[in-house]
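Presented below is the structure to which this report refers.
Read the figures in this text as sums done on the coordinates, not as results from a lab. Owing to the predicted nature of the structure, the values given are computational and were not obtained by experimental measurement. Note that each Cβ is placed from the backbone with ideal geometry, even for glycine, and that neighbours are counted across all protein chains shown.
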């Protein structure tokens, strides 16, 4: 008889070790999933509050293609004054899990001749980039979009051609905006009909 306590066979030891590693891995995955859920839940809670707090003017309307998904929606702005009056511009909002620490992704679905909106719909707004901070809300973005349609900015244009025309010839710019909103062509680019 041996002086050593009974050792299970090596195969059984290896199997126990694998089971323990599997349990540890499952625990880690559950923790990671919980953190992701908490982050998403925090973003969703904030988005819900922001949406409930929205006080949209009659010139703006939100649409939720999937009513169960508040993180993705569309905003339509129909300006009543400025170069883009009587137009109808649709912006797509995608809010990420890190909101409000990171800004929502906003893209203009309406192709428009505008210094601050490029032909792919990217919108040049400082609050959607470097000036964003967590105290800003979706309402802040809506106000900024309304303002950029009212007062285009030539300082940092995404559409260089539109920026140059506005900077050097406001009357020609207004004419080009009218042509583009009517679904016409400015230069070699065709634009979407977006008159309401």
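Arrange the peptides 67-80, 140-153 so that the one whose residues have, on average, the most other Cβ atoms within 10 Å appears first.
Listed from highest to lowest mean packing, they are 140-153, 67-80.
If you consider only alpha-carbon coordinates, what radius of gyration and Dmax does the stretch 50-190 have, in Å?
That works out to 15.2, 47 Å for Rg and Dmax.
Output the peptides 120-126, 103-109 sorted from most to least packed, where packing is the average of other Cβ atoms within 10 Å over each peptide's residues. The partial results should precede the final answer.
Working: 120-126: 16.4, 103-109: 19.3.
Highest to lowest by the protection proxy: 103-109, 120-126.
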